[in-house]
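Submitted below is the structure of interest, expressed as structure tokens.
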Amino acid sequence: MKKLYFKKKLTKEDKETNILLGLIDLYIKSNAPIGSNFLKENFFKDMSSATIRNYFSKLEEKGYLEQVHISGGRVPTSKAFKKYAEKNLDHKNIDKKDLDFLNQELIQDSKKITDFLIKSAESLSNLVNASVFLSLPRFDQDYISNIKLILLEDNKILCVIVTDFGMIKTQTLYIKKNVSEKLLSKIEEFFLYRMSKANKPFLMPEEKRIATHLYNEIMIRYVVGYASCNSEYIYKTGLSKLLSYDEFKDPIKLAECLSIFENSTKMNQILLDTIKNNQISFYIADDLLKFDIESQNSSIICMSYKINEIIAGAVVLLLPIRAPYKKIFAILKEYTKNLSNTLTKNIYKYKISFHSPLDKDLKKLNKNNSILLEDKSK
């Protein structure tokens, strides 16, 4: 016998929610107040404009909508955006062009793991038009592959360190005696010689003393930097993306938003919270007070990524509260999935072990799971 299916009749609460979500969809695209006639034409053709306005009034009373002008349309509040984001948190539909872009950008067969992570963050920033910060694991076998010395002033030198996995670090060195470009070139060659990457250069005793001092200083700084958990392992990109949003054309609002990136302690708190949640999450406007951040115009969306099913780090997107949450939720899920798969394949292939800047908390979270992917005892 054929089963009969009855369409569930929408309650007033359901209709009210649908009107709110439809209004927000239009507002995200237009960044302009939404009137009842405009909403009716796009989503609710079987509902009168007067009925929609009645719902608008109820939503205003509940704090979800604001009316900019007496005769104008409505705009959603931060409370409305929170509800919109919550309703769409499980959204998975992703445009084919966005999927193809991610599949192309997140494929790599290379030992340059850090380089891959950085490029993936750049790609994500371009795709969702957002600022991105990404926590980078530390890899045990990431040795120094090259060192470049640049003379800034007579007694000030910029040292650029490049590692096997694509990490680039800089250090500024000060010396009492002035150094010429010619001597600096010989010192750089001495550095490479000490790393067995060049032939031994001829140096006068005083030149050798200076070169040895600088080499020891750089190596000590590198070791100390690796051993400590600092902001060097948080990669930031896409800050200029915020300028494309009308909301941030106000310098005060823009500075308020960018201040989130400037405080490494707060950034680490956000990353740690993301790792502990182990799922996609969002913080809109006053939600950010959890991290002691005051911003009524900003939102962040975050999610952790894994290596071999072990949480390795997190990615955070910074946007205005008028953000296309449905699209971003779907893209971020696909991004972290592809990122995790590629990292795991390369980690296994090149037998690399890794650590996170948040190791202590990760060990608690991952319990007995070892972060070491290669058995060093054999």
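Label region 12-76 by shape, choosing from rounded, prolate and oblate, from the square roots a ≥ b ≥ c of the eigenvalues of the Cα gyration tensor; if a/c is under 1.5 it is rounded, and otherwise prolate applies when a/b is larger than b/c, oblate when it is not.
Note, shape of region 12-76 comes out rounded.
Check each of the chymotrypsin sites (Phe, Trp or Tyr not before Pro) in region 139-176 and keep only those in coil by DSSP with at most 11 other C-beta atoms within 10 angstrom; list them in order.
Tyr143
Then there is this: Given Ile147, Asn42, Cys159, which one lies farthest toward the positive end of the charge dipole of the chain, if we put +1 on the Cβ of every Lys and Arg and -1 on the Cβ of every Asp and Glu?
Projecting each Cα onto the dipole axis, the largest value belongs to Asn42.
In nm, to one decimal, how far is the modelled label at Leu10 from the one at Lys345, with both set 7 Å along Cα→Cβ?
4.4
At R0 = 25 Å, how high is the FRET efficiency between Asn277 and Asp246 if r is their beta carbon distance? Nearest 0.05 is fine.
That pair, Asn277 with Asp246, gives E of 0.20.
Where a ≥ b ≥ c are the square roots of the eigenvalues of the C-alpha gyration tensor, would you call region 258-330 rounded, which needs a/c under 1.5, or, failing that, prolate if a/b is larger than b/c, or oblate?
Here region 258-330 falls in the oblate category.
Mind scanning Lys45/Lys97; Lys148/Lys208; Lys111/Lys236; Lys83/Lys249 and naming the pairs with a C-alpha gap bigger than 20 Å?
Check vs 20 Å cut-off fails for Lys45/Lys97; Lys111/Lys236; Lys83/Lys249.
Report the Stokes-Einstein translational diffusion coefficient (µm² s⁻¹, integer) for the chain, Rh taken as the Kirkwood radius over Cα pairs, at 4 °C with viscosity 1.567 mPa s. Spell out each step's value before the answer.
On the way: Rh = 24.1 Å.
Calculated translational D: 54 µm²/s.
Suppose a student asked you for the relative contact order of the chain, using Cα pairs under 8 Å spaced at least 6 residues apart; what percent would you report?
Relative contact order for the chain comes out at 19 percent.
Follow-up question, since we're still on this one. Could you pull out every residue, at least 5 positions away or on a different chain, whose amide H is within less than 5 Å of the one on Ile307? Hs are placed 1.01 Å off N in the peptide plane, and Pro or chain starts have none.
For Ile307, whose amide H was placed from the backbone, the distant partners under 5 Å are Ala312.
So what is the 222 nm mean residue ellipticity for the chain from helices alone, if each DSSP H run of at least 4 adds -39500 (n - 2.57) and you divide by all residues, rounding to the nearest 500 deg cm²/dmol?
That calculation yields -14500 deg cm²/dmol at 222 nm.
We did not get these values from a lab; they are worked out from the coordinates using the rules stated. As the structure is a prediction and not an experimental result, all values here were calculated from the model. Glycine also receives a Cβ, built like all others from the backbone with ideal geometry; neighbour counts cover every protein chain displayed.
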